[in-house]
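The values are calculated or read from the model by the stated rules, or taken from the named source; none is laboratory data. The structure presented is a predicted model; accordingly, all values stated were derived computationally and were not measured. So basically every Cβ, Gly included, is an ideal-geometry build from the backbone, and we count neighbours across all protein chains shown.
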Amino acid sequence: MNTSGTRFSPLRRLYLVAIFAFLYIPILVLIVNSFNASKSRTVWTGFTLDWYRRLFSNETIITSLINTLAVALIASVVATILGTMAAIGLHNMKRITRSLVINLTYMPILNPEIITGVSLMLLFVSLNISFGYLTLILSHISFCVPYVILNVLPKLRQTDRSLYEAALDLGCTPMKAFTKVIIPEIMPGILTGFLMSFTYSIDDFVISYFTYGPTSQTLSITIFSMTRRKVSPEVNALSAIIFLVVLSVLLIMNLREINAEKKTRMAVSAAIRNESKSHKHEHAADSNGGGE
Amino acid sequence: MKATRIFSAFFTVIMLLTLLTAAPPVFALESGWEIDYSDYDWTRLAGDNVTLNVYNWGEYMSLDGGDGEFDVNGEFEKLTGIKVNYTNFASNEELYAKLHSGGSTYDILIPSDYMIGRLIDEGLLEKLDFDNIPNFGNVFDIYKSPEYDPANEYSVPYLSGIIGIVYNTTLVDKDDDVETWDILWDEKYANNILMFSNSRDAFMISCFRLGYSPNTTDENELRAAAEELKKQKLLVQAYVMDEIYDKMGGGEAALAPYYNGDAAAMIADNPDLAFAIPREGTNHFVDAFCIPKGSKNKEAAEIYINFLCETLVALKNSQFVGYMTPVKTAYEALTPEQQANTMVYPSDEILKNTVTYTTLSPAAKNLIDSLWTEILSEVGASPWMTPVVLIAAVGISLWINIRRYVKKKTATN
């Protein structure tokens, strides 16, 4: 009974395979189709790399890809800075005001995207800002900030306040204590917040749909606009490339993590060994001294 | 002495003039094509740092796709020195929403017929200065002064097409009459019929079948058309738009109404397919250039429209998209085989038997929208599906929980 948890029974293995198939078959179909000579997604007429070649000279797609990446980068950097500052402020608030403000900052996450999109559009129109890069970046920042707060706050709760106080006692200025103690402590939270903002920003369609302008069309909108005629197969090629990039980034990160873990484990075991050795020496020295 | 000097000066001027006229000014485009610009000043705004914001349907213009296709915007930029910002929309309604909400600074729009009528009615379009668009003279007469723009003050046609039925010759009986909308209601093809997922085109088909005008605003007629669409729903495999390409290409369905230019592309991919134009009549749609109110670069926009009506440019666009070009000189530049392709260029008789959509009254539009929602949301062939799935889900979760509970009990005992 107890051992079955660690070994895979055939049924469990089947379940695992089914789940991975469910997750990855659509992507696999897309990648296979990006090599299909025919424009059709159902008939295979031969292998080709044409779509990849054409992708890089398709100005509409490349421009919107650059737009998407630029907006995502700018918006997530700004949102990370804003969100981290907000989280630190929130952390030092009184309990009641804190919970109130936290709930308010979660509104954009809980709100249906379409409402956020429409209200942002109305705001920009009433402020007479014409739609373009600025509106797109502002709206992306506004929905990314809550994700950063959401990731940084728990890290702040985990940090020991006395560490910061100790730094002050040892002669740090508050600013130095903040950059040397607090920031490194909450760095993992800031990084996750940044990555989440970046992915959500790239992912976003609904809010961009309401706030894009004549100069700033993102990839999701370009693809959507193709649906009257036909989504061109270059999009398959692009999606395949994006998938591979994301997959390799994930793999590299995981490998590095495993390596780092191995190193620390080795270092720890080495340290333990050294420790026990030196203990023995001390013991020997003690007993010798006692003898004399 | 003086006289000879004057004479020689006069002579050089004459020489220069003859030289200029002997070699007509020609702009050699990147792709090796040439545009004669002796009679039109393309470069008048070259130094002004003008940027045009063009808003077009997706995949609806020949831009460089890597196969040496004609890059319309690139060539325009090189010829005129005017920069082009090109963005896309997916439906007329999306364009309307963008324009209506304000805050957008577009210079060129390419909406369809009925939307142009609506934009004119609401005063959202700028009147065109046709002196800047001499190439409008190249347009076929039947496209001039259309119903949606009766005085032809606001629009210049870009591309057009008609709706017909795409069918798979291996799945449809040879003896069956495909040149009628009735075949989309034929029970023999139950679950093998695809239908438009947009209300305007779906109601057009139903109205023509019943002998009504597709622009009807009569409530009884619209309700009758909706009743027919409800009956058809039992036979329809799916309500789709561009998925038709894959479904028909892969032989998943036998019949589907669609646009003629796209049908030609589908047939090129799958030779089993064919196209028929129902004799009851059909819709002839036109997408046309307009300039929205508030455009800051109206003259540059008119130069752009003129460029797109150039014979060569119109030809390239129509070949890339696969739709009919309204530019007569571009049509004449097609190869005889292309001209003879009645699928893309139907005969005048067929065109006479078509109707262009007009702007519907808000009341009729709302009625169509609510009827269409009713049609789509009505539970079709299997009303038992939802409760059965629900009961099964509840049952399974109950069973799992009970089993777990029993196991726990036996384990503790």
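Return the residues of segment A:54-70 that are part of a helix (DSSP H, G or I), surrounded by 15 or more Cβ atoms within 10 Å (Cβ to Cβ) and within 12 Å of chain B (Cβ to nearest Cβ); say none if nothing qualifies.
From segment A:54-70, those part of a helix (DSSP H, G or I) are A:54-57, A:59-70; that's our starting set.
This time we only want the ones that are surrounded by 15 or more Cβ atoms within 10 Å (Cβ to Cβ), so: A:54-55, A:57, A:59-65, A:67-70.
Within segment A:54-70, A:Arg54, A:Leu55, A:Ser57, A:Glu59, A:Thr60, A:Ile61, A:Ile62, A:Thr63, A:Ser64, A:Asn67 meet the criteria.
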TODO: Name, by its number, the condition in (1) under 22 Å from the mean Cα position of the chain (by Cα); (2) within 9 Å of another protein chain (Cβ to nearest Cβ); (3) more than 18 Å from B:Pro111 (Cβ to Cβ); (4) modelled with pLDDT of 90 or more that does not hold for B:Thr51.
DONE: (1)
Task: Condition check for A:Ser225: assigned to a helix (DSSP H, G or I), under 19 Å from the mean Cα position of the chain (by Cα), buried (at least 16 other Cβ atoms within 10 Å of the Cβ) and not aliphatic (A, V, I, L, M) - done: no
- [ ] Could you tell me whether any residue of segment B:313-321 is part of a loop (DSSP other than H, G, I, E, B), modelled with pLDDT of 90 or more and not polar (S, T, N, Q)?
- [x] no
- [ ] Identify, by number, the condition in (1) of a type outside the set (Asp, Glu); (2) in a loop (DSSP other than H, G, I, E, B); (3) touching a residue at least 40 places away in the same chain (Cβ under 8 Å) that B:Thr342 doesn't meet.
- [x] (3)
Open item on the list: Just checking, does segment A:243-257 include any residue being assigned to a helix (DSSP H, G or I) and in contact (Cβ under 8 Å) with a residue 12 or more places away in the chain?
Closed with: yes
Task: Residue list for segment A:107-131, filter: closer than 23 Å to A:Thr80 by Cβ and either assigned to a loop (DSSP other than H, G, I, E, B) or more than 14 Å from every other protein chain (Cβ to nearest Cβ) (or both) - done: A:Met107, A:Pro108, A:Ile109, A:Leu110, A:Asn111, A:Glu113, A:Thr116
- [ ] Pairs only if they're at least six apart or on different chains, beta carbon under 7 angstrom, first in segment A:202-216 and farther than 12 Å from B:Thr87 by Cα, second of a type in the set (Asp, Glu); list them, first residue then second.
- [x] A:Val206/A:Glu113; A:Ile207/A:Glu113
Open item on the list: Within segment A:1-30, take every residue that is among the charged types (D, E, K, R) and under 31 Å from the mean Cα position of the chain (by Cα) and give me the one that is modelled with the lowest pLDDT.
Closed with: A:Arg12
TODO: Answer yes or no: is there a residue in segment A:88-103 that is buried (at least 20 other Cβ atoms within 10 Å of the Cβ) and in contact with a Gly (Cβ under 9 Å, 6 or more places away or on another chain).
DONE: no
TODO: Out of B:Asp246, B:Asp218, report the one residue that is over 22 Å from B:Glu378 (Cα atoms), among the acidic types (Asp, Glu) and within 14 Å of chain A (Cβ to nearest Cβ).
DONE: B:Asp246
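Restricting attention to segment B:72-86, which residues are outside any helix (DSSP H, G or I) and under 20 Å from A:Thr218 (Cα atoms)?
Pass one, segment B:72-86, residues outside any helix (DSSP H, G or I): B:81-86.
B:Lys83, B:Val84, B:Asn85, B:Tyr86, listed by residue number.
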Task: Given (1) free of Cβ contacts under 8 Å to residues at least 12 places away in the same chain; (2) crowded, with 23+ Cβ neighbours inside 10 Å; (3) within 24 Å of A:Ala87 (Cα to Cα), index of the condition A:Asn151 fails - done: (1)
Task: Members of segment B:139-158 found to be crowded, with 20+ Cβ neighbours inside 10 Å and polar (S, T, N, Q), listed by number - done: B:Ser155
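Every residue, every condition in (1) at pLDDT 90 or above; (2) part of a loop (DSSP other than H, G, I, E, B), yes or no:
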position	(1), (2)
B:Phe70	no, yes
B:Asn88	yes, no
B:His100	no, no
B:Tyr106	yes, yes
B:Gly117	yes, no
- [ ] Give the residue that is farthest from the chain's Cα centre (by Cα), with candidates limited to residues of segment A:200-221 that are facing chain B (nearest Cβ under 7 Å) and surrounded by 23 or more Cβ atoms within 10 Å (Cβ to Cβ).
- [x] A:Gly213
- [ ] Say whether the condition of being of a type in the set (Val, Ile, Thr) and over 11 Å from the mean Cα position of the chain (by Cα) is met by at least one residue in segment A:192-199.
- [x] no
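Name the single residue, out of those in segment B:259-271 being within 11 Å of chain A (Cβ to nearest Cβ) and of a type outside the set (S, T, N, Q), that is farthest from B:Asn353 (Cα to Cα). Walk me through it before giving the result.
First, the residues of segment B:259-271 that are within 11 Å of chain A (Cβ to nearest Cβ): B:259, B:261-262, B:265-266, B:268-270.
Add one more test, that the residue is of a type outside the set (S, T, N, Q), and what stays is B:259, B:261-262, B:265-266, B:268-269.
Details: B:Tyr259: 16, B:Gly261: 18, B:Asp262: 20, B:Ala265: 24, B:Met266: 24, B:Ala268: 27, B:Asp269: 29 Å.
It comes out as B:Asp269.
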- [ ] For segment A:31-50, enumerate the residues that are part of a helix (DSSP H, G or I) and modelled with pLDDT of 90 or more.
- [x] A:Ile31, A:Val32
- [ ] Give segment B:83-104 a look and list any residue that's more than 10 Å from chain A (Cβ to nearest Cβ), under 17 Å from B:Tyr158 (Cβ atoms) and either hydroxyl-bearing (Ser, Thr, Tyr) or surrounded by fewer than 23 Cβ atoms within 10 Å (Cβ to Cβ) (or both), or say none.
- [x] B:Val84
TODO: Working carefully through the options B:Asp287, B:Asp348, find the one that is surrounded by fewer than 23 Cβ atoms within 10 Å (Cβ to Cβ), acidic (Asp, Glu), in contact with a helix residue (DSSP H, G or I) (Cβ under 9 Å, 6 or more places away or on another chain) and at negative phi.
DONE: B:Asp348
Task: Residues being in a helix (DSSP H, G or I) and either at pLDDT 95 or above or under 23 Å from the mean Cα position of the chain (by Cα) (or both) - total across segment B:233-256 - done: 6
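From the list B:Asp71, B:Asp107, B:Asp113, which residue is buried (at least 22 other Cβ atoms within 10 Å of the Cβ) and within 14 Å of chain A (Cβ to nearest Cβ)?
Exactly one residue qualifies, and that residue is B:Asp107.
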